[in-house]
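The values are calculated or read from the model by the stated rules, or taken from the named source; none is laboratory data. In this text, all values refer to a predicted model and were calculated from it rather than measured experimentally. As a convention, Cβ positions derive from the backbone with ideal geometry for all residues, glycine included, and neighbour counts pool all protein chains shown. Just so you know, the surface numbers come from the protein's heavy atoms only, side chains and all, with ligands and any DNA or RNA stripped out. Shrake-Rupley method; radii C 1.70, N 1.55, O 1.52, S 1.80 Å.
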Amino acid sequence: MKKTMTISVLAASVALGLGVSGAAFAAKVPAGTPLAAKQEIVRNNGSEAESLDPAIAESVGANNLVRDLFEGLTATDNEGKVVPGVAESWKQKDPTTWVFTLRKNAKWSDGSSVTADDFVYGIRRFLDPKTASTYATTYGTFLLNGVEAAEGKKPVSDVGVKALDKFTLEIKTPYPVAFLPEVVSNGQLGPVPKAAIDKFGKDWVKPGNMVSNGAFVLKEWQVNSKVVLAKNPQYWDNKNVQLTRVTYLPIEDGFADVKMFLSGENDWVYQLPPGTYEKYKAELPKDIRNAPMLGLRYYGLNHKDPVMKDVRVRKALNMVIDRDILATKITADGQVPAYSAIVRGTNGADVTSYDWAKWPMAQRVAEAKKLLAAAGVKPGSKVKFSYNTSEYHKKMAIFAASEWKTKLGLNTELENMEFKVLLKKRHDGDYQIGRNGWVADYNDATTFLTLVQCGSEQNDNFNCNPKAEALIKQGNLAQNPAQRKQLLTQATKLIMDDYPMIPLLQYTVPRLVKSYVGGYTTKNPMDRYRSKDLYIIKH
Amino acid sequence: MWSYALRRVLMTIPTLLLVITVCYLMLHATPGGPFDTERKVSAAVMANLQAKYHLDLPLWQQYLLYLKSLLQGDLGASFRYADWSVNELVGNALPVSLAIGGGALLLSVVIGVALGIIAALRQNSLIDYFVMLVGNLGSAFPSFVIGPVLILLFAIWLSVLPAGGWNDFDPRYMVLPIALLTFINVSTIGRVMRGSLIEVLNSNFIRTARAKGLPLRTIVFRHALKPALMPVVSVLGPLAISSITSAVVTESVFSLPGLGKLIINGASNRDYTLVLGLVVLVTVFAVILNLLVDLAYAYLDPKIRY
């Protein structure tokens with residue numbers, strides 16, 4: 001895939017320490033595009049942000065806002081490419097040391113300079129156990145002593161981040177992290193305004209108090225109603241920012257979202273309600289947008305369960321689900337069949353597959369039946385499937401149950417529950433087969449491998465392949481990106497041959513975005529759109 | 001009557017305490033906590049989070065801490081909306097709910113009572129059938145059907161009103177949600193009013209009034225209305241609570257930042273403090289409304305004295 005190639009080439013060049021020059025990257029309005037006089041946009045953000053504090057922000061929606069309000073060392077543009085942010089260039093001095101050179105004209109919205117100390121403060125504050133960020137260990141793992149600091153075992157001053165001078169920041173990693181430039185695009189590892197935080201405490205994120213360094217500043221925030229941002233006149237690249245006002249809506253109800261889009265009060269539907277993609281594709285061909293993203297829908301198989309601990313059972317359950325029918329007829333929203341824990345577009349490892357994926361279904365069923373018989377699971381046996389209450393998940397669950405029933409003679413007990421209850425059951429290993437899903441935190445295979453690695457927090461299957469674990473460790477220490485990729489791919493293949501889970505589909509983001517919104521691409525695997533990269537075409 | 005009212009208000013305190021305790025225990029007994037998310041946090045981070053929100057303390061200590069801050073008028077910090085206190089959240093949402101729910105309630109009392117009277121006086125006429133049809137439609141169609149139809153008609157086809165959202169008490173954003181809630185409430189109030197007035201009009205004292213040759217207007221407004229309003233007043237209490245504090249569907253359909261949305265988000269996110277805060281609010285509301293209803297009985301029915 002072309003997309004995969006361009007991204008990995010870029011990552012490779014970054015990894016080789018070539019650095020990137022500091023040209024302006026934002027809102028590349030193609031020559032000859034007439035712009036509207038009013039550069040304002042209304043984006044639905046899917047839900048109310050739990051926080052606008054970059055250290056606390058967790059959800060996709062909150063991080064969308066943080067990305068507009070704050071700028072880290074780097075950023076990702078509308079095609080998911082790593083571009084300079086506050087850092088105008090960076091260099092990998094040695095395998096575990098990175099040096100970021102900050103631009104001298106980066107300013108906070110109060111006019112003061114953004115300095116290396118602001119990053120040191122921001123990162124230490126993020127990892128501080130008192131801040132209690134849910135991302136602390138997720139990103140802390142990429143910084144020397146990051147996890148130890150987050151767990152309170154070492155002081156935050158021991159974390160591998162240091163201001164060499166006012167505009168030079170050094171970051172040390174515990175092992176070579178080739179994709180560090182992408183990781184530091186996340187707001188959690190960005191700067192925060194110490195003076196405002198000292199002055200206002202928890203209320204520093206409120207309108208009037210917030211000082212930020214992104215392309216936009218906070219104007220208005222009405223909980224469950226809207227967050228309004230305005231162009232930041234102090235922003236270093238402000239001449240390349242087209243939008244003057246961005247309104248984020250927190251609408252959760254997909255149908256309400258679409259109605260506001262149709263009545264013209266909203267330019268951006270967060271995600272189309274299930275089962276409506278084909279309808280709007282036909283009715284609003286200019287506005288419909290759909291692209292795969294780095295996310296995986298899968299069913300977890302609990303290895304602590306006496307039936308599921310048998311690899312033959314796990315393989316049989318995997319083989320008979322027809323992903324093509326699931327994708328085209330059941331979910332019918334453009335999602336792509338998946339046979340691996342890693343989805344297409346992910347850097348750092350190739351997508352693996354199974355030989356049987358290409359077999360005719362009859363052959364797959366015959367083989368699966370043999371496996372079940374060998375495992376002593378007779379037709380008529382019962383399996384239990386747990387999912388959180390939702391029409392969408394129910395539809396998929398009924399399909400899976402019917403595949404297992406008609407092809408293997410297994411009876412599936414479908415058990416639906418509230419999301420929090422499912423999470424608890426999954427994390428506690430109190431289930432047999434469970435609905436699951438994962439969206440990448442950063443574009444590297446390791447984000448998906450956490451789902452299937454030994455002892456990983458995210459591994460609800462409780463599987464472990466020590467050989468693969470050793471390969472992943474070896475890969476993470478490798479300095480050559482090609483070698484690393486080969487090792488991680490090999491590890492993925494080994495793990496997937498144990499059938500720890502049932503990969504089903506790669507997520508897509510079916511949504512409506514007004515045709516006059518420029519800068520929206522379908523080549524953004526992380527689905528992260530800075531408003532800086534958007535503009536309104538004359539219409 | 002005042003001592004009765006005072007006694008009723010004082011009775012609120014044990015009621016509240018009971019409600020808080022039961023709700024507190026139920027919330028903490030529900031599986032899954034505020035920090036159980038798709039991306040499981042490590043044990044150390046979970047400990048950080050629990051310490052930050054005092055969830056690491058024994059349950060009884062947390063409970064006492066909560067009661068203590070409640071006495072100081074502090075409903076605590078929200079888990080789901082980390083940047084806001086429950087006081088701020090309720091403070092922002094309550095005016096929206098009062099405007100929509102209260103507005104709808106006032107309108108529906110006026111319209112519902114008027115329609116009920118007309119229907120009762122013209123029993124089995126076309127007008128009566130029309131009122132009953134409206135009443136039955138309002139009861140039969142849930143708000144998640146009527147709401148989207150209103151949006152389709154007025155926001156998308158006619159483009160005269162916004163499809164949803166809230167803009168600082170801008171009346172344009174309030175018309176459709178108030179209309180929806182009014183329609184639903186009118187259907188209840190209208191039917192109750194009609195039935196009750198018909199019953200009263202058939203009673204002996206009205207027959208006497210008619211025999212005396214009093215004009216219909218005097219009979220209805222001076223003699224029949226007061227007793228006929230009793231059942232209407234009875235349904236008003238629950239209607240008011242459901243219109244103001246739990247108009248969940250209406251708020252979702254019209255994307256309104258009201259209390260209903262907070263309740264749902266609070267419960268599904270295990271936001272203990274937010275849910276408890278709202279439960280306290282709803283309980284106080286219910287007690288006040290029930291008191292008002294009881295006082296209204298005394299006004300409407302001379303037989304009732306406190």
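Out of every Cα-Cα pair in segment B:134-201, what percent are more than 17 Å apart?
Cα-Cα pairs in segment B:134-201 separated by more than 17 Å: 50 percent.
Viscosity 1.002 mPa s, temperature 20 °C: give me the Stokes-Einstein translational D for chain A in µm²/s, with Rh taken as the Kirkwood radius over C-alpha pairs.
Stokes-Einstein gives a translational diffusion coefficient of 88 µm²/s.
Could you derive backbone 3J(HN,Hα) for segment B:48-55 from the dihedral phi with the Karplus parameters 6.51, -1.76 and 1.60 (θ = phi - 60°), listing whole Hz in sequence and x where the residue is Gly or Pro?
Using θ = phi - 60°, the values come out as 4, 5, 5, 5, 4, 9, 6, 7 Hz.
Among A:PRO174, A:ALA362, A:VAL269, whose Cα projects farthest towards the positive end of the dipole of the protein assembly as shown, with charges put on the beta-carbon of Lys, Arg (+1) and Asp, Glu (-1)?
A:ALA362
May I ask for the equivalent-ellipsoid semi-axes of segment B:93-300, computed as the square root of five times each C-alpha gyration tensor eigenvalue and listed largest first in whole Å?
For segment B:93-300, the ellipsoid semi-axes come out as 35, 22, 12 Å.
Among the DSSP beta bridges whose two residues both lie in the protein assembly as shown, what percent are antiparallel, rounded to the nearest 5?
If I count the DSSP bridges inside the protein assembly as shown, around 75 percent turn out antiparallel.
In deg cm²/dmol, rounded to 500, what helix-only [θ] at 222 nm does chain A give when every DSSP H run of at least 4 residues adds -39500 (n - 2.57) and the total is split over its residues?
-8500 deg cm²/dmol
Calculate one ³J(HN,Hα) per residue across segment B:94-111 by plugging θ = phi - 60° into the Karplus curve 6.51 cos²θ - 1.76 cosθ + 1.60, and present them in order as whole Hz with x for glycine and proline.
Values per residue, Gly and Pro as x: 4, x, 5, 5, 5, 5, 6, x, x, x, 5, 5, 4, 4, 6, 5, 4, 5 Hz.
For A:ALA106, list long-range residues whose amide hydrogen, built 1.01 Å from N in the peptide plane, is under 5 Å from its own amide hydrogen.
A:VAL114
Buried accessible area between B and A (1.4 Å probe, both chains summed, ligands and nucleic acids excluded), in Å² to the nearest 100?
Counting protein atoms only, the buried area is about 4300 Å².
How big is the Rg/Rh ratio for segment A:372-417, C-alpha atoms only, Rh by Kirkwood, two decimals?
1.04
Treating segment B:76-166 as a set of equal point scatterers at the Cα positions, no solvent, please give the Debye-formula log₁₀ I(q)/I(0) at q = 0.16, 0.19, 0.25 Å⁻¹.
So the normalised log intensities are -0.92, -1.05, -1.17.
Among A:GLN506, A:GLN483, A:ALA327, which residue has its Cα furthest toward the positive end of the charge dipole of segment A:291-509, with +1 on Lys/Arg Cβ and -1 on Asp/Glu Cβ?
It is A:ALA327, whose Cα lies furthest towards the positive end.
Relative contact order, percent, of chain B when contacts are C-alpha pairs under 8 Å separated by at least 6 residues?
Across chain B, relative contact order equals 27 percent.
Angle, helix B:126-140 long axis vs. longest principal axis of chain B, Cα atoms, 0 to 90°, nearest 10?
Value to nearest ten degrees: 10.
Mean Kyte-Doolittle of at least 1.0 plus a Cα span of 30 Å or more along the axis: flag which DSSP H helices in chain A meet both, please.
Passing helices, by number: none.
Please tell me which of these pairs span more than 32 angstrom C-alpha to C-alpha: A:LYS162/A:LYS473; A:LYS315/A:LYS395; A:LYS304/A:LYS523; A:LYS93/A:LYS153; A:LYS281/A:LYS485?
Result: A:LYS304/A:LYS523; A:LYS281/A:LYS485 exceed 32 Å.
Starting from the Kirkwood Rh over alpha-carbon pairs, what translational D in µm² s⁻¹ does segment A:16-144 have by Stokes-Einstein at 20 °C and 1.002 mPa s?
Answer from the Stokes-Einstein relation: 126 µm²/s.
Taking only DSSP H segments of four or more residues, each worth -39500 (n - 2.57), what value at 222 nm results for chain B once the sum is divided by all its residues, to the nearest 500 deg cm²/dmol?
-22500 deg cm²/dmol
Which residues' amide hydrogens lie under 5 Å from the amide hydrogen of A:LYS384, considering only partners 5 or more residues apart or on another chain, with H built in the peptide plane?
Distant-sequence amide H within range of A:LYS384: A:GLU413, A:ILE433.
Taking the alpha carbon gyration tensor of segment A:139-296, what are the square roots of 5 times its eigenvalues, largest first, to the nearest whole Å?
So the equivalent ellipsoid measures 37, 23, 16 Å along its semi-axes.
Taking amide H atoms as placed 1.01 Å from N in the peptide plane, list the residues 5 or more away in sequence, or in a different chain, whose amide H sits under 5 Å from that of A:ILE536.
It is A:ALA36, A:GLY518, by chain and number.
Over 18 Å between Cα atoms: which of A:LYS382/B:LYS40; A:LYS38/A:LYS286; A:LYS38/A:LYS514; A:LYS107/A:LYS231 fall into that group?
A:LYS382/B:LYS40; A:LYS38/A:LYS286
Roughly how tilted is helix B:171-201, in degrees to the nearest 10 and between 0 and 90, from the longest Cα axis of chain B?
50 degrees
On alpha-carbon atoms, Rg over Rh for segment A:291-509 using Kirkwood Rh?
0.95
Output ³J(HN,Hα) for segment A:35-42: one whole-Hz value per residue in order, computed from phi by the Karplus curve 6.51 cos²θ - 1.76 cosθ + 1.60 with θ = phi - 60°, and x for Gly and Pro.
9, 6, 5, 9, 9, 10, 9, 10
Nothing charged except the Cβ atoms of Lys and Arg (+1) and of Asp and Glu (-1): what's the magnitude of the dipole of chain B about its Cα centre? Round to the nearest 20 debye.
So the dipole magnitude of chain B works out to roughly 1280 debye.
Within the P(r) computed for segment B:181-306, what percentage of the Cα pairs occupies the region above 25 Å?
43 percent
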